[in-house]
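Since the structure comes first, as structure tokens, the remarks are kept for the end.
Bear in mind these aren't lab numbers, they're just calculated from the coordinates by the rules spelled out. Treat the numbers as computed from the prediction; the structure is a model and nothing was measured. Backbone-built Cβ (ideal geometry, glycine too); neighbour counts: all protein chains shown.
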Amino acid sequence: MKSTVVLGVTGSIAAYKAADLTSQLAKKGIDVVVIMTASAQKLVCPQTFLTLSRNPVITDLWAMPDWQPGHIELSDRAKLLVIAPCTANVIAKLANGIADDALSTYALSHNGKIFIVPAMNPKMWKHPAVRQNVKILEGRGVKFIGPVSGRVACGDDGEGRMEEVTAIFAKLLEEL
Ligand SMILES: Cc1cc2nc3c(=O)[nH]c(=O)nc-3n(C[C@H](O)[C@H](O)[C@H](O)COP(=O)(O)O)c2cc1C
């Protein structure tokens, strides 16, 4: 049976890299269901993920195509939830159990492992609020992939860059 992976895509400038990750996972025969936040949809188009995953993309908690809340059915079959890229905002929401959109609501109902792939400015990554939220999530068994050091989109250098897609892909395959 095909493994199902839920891929959360959030409003980081690195969101375009999630398209490559979707493509690599789908080519391996993995069933990828993408959930995008509203901010992610300002940066990348849902159609890209629809085409690469060949699955409907969840863009709005209130526009589910079925009678049953889709996140419950999905959580019964998804092995992994991967959020790549993951904003400081979504890290904070997950750490605090906030469920105010499709991705954060799904995350609360997810039964399997969670991988977070942060991407943000180094100043944000260093912020005590982010550090504390990361600690909370690690304490609950959530795995972090990256971030790595390097130049981020705004030109700053430091830790905060999203891990390379090939490295993320390799870690997820190991897990699957
Ligand atoms: C062009 C642009 C790029 C952004 N990149 C990032 C980023 O890499 N990481 C981050 O944490 N926030 C970034 N933000 C801020 C988030 O988009 C903002 O906090 C938003 O509320 C996140 O929503 P979401 O977490 O629901 O996707 C960026 C904002 C803009 C306008």
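Observations on the structure shown:
- Kirkwood-based Rg to Rh ratio, the range 4-175, C-alpha trace: 0.94
- Of the residues 82, 7, 147, the one whose Cα sits farthest toward the positive end of the charge dipole of the chain, with +1 on the Cβ of Lys and Arg and -1 on the Cβ of Asp and Glu, is 147.
- C-alpha center-to-center spacing [the range 80-96, the range 114-150] in angstrom: 9 Å
- Computed from the Cβ-Cβ distance with R0 of 25 Å, the FRET efficiency linking residue 38 to residue 135 stands at 0.35.
- For the peptides 143-150, 99-106, residues were scored by their other Cβ atoms within 10 Å and the scores averaged per peptide; the highest-first order is 99-106, 143-150.
- FRET efficiency for residue 159 and residue 2, using Cβ-Cβ distance with R0 set to 41 Å, rounded to 0.05: 0.70
- Taking each of 93/123; 17/126; 27/79; 79/126 in turn, the alpha-carbon distance tops 29 angstrom for 79/126.
- Residues in the range 5-41 that a label on residue 173 would reach, taking backbone N under 14 Å of a point 7 Å out along Cα→Cβ: 21-30
- Ranking 48, 169, 129 by how far each Cα lies toward the positive end of the dipole of the range 4-175 (charges on Cβ) leaves 129 at the top.
- The charge dipole of the range 4-175, taken about the Cα centre with unit charges on the Cβ atoms of Lys, Arg (+1) and Asp, Glu (-1), comes to about 340 debye, rounded to the nearest 20.
- Calculated FRET efficiency for the pair residue 63/residue 98, C-beta based, R₀ 25 Å, to 0.05: 0.80
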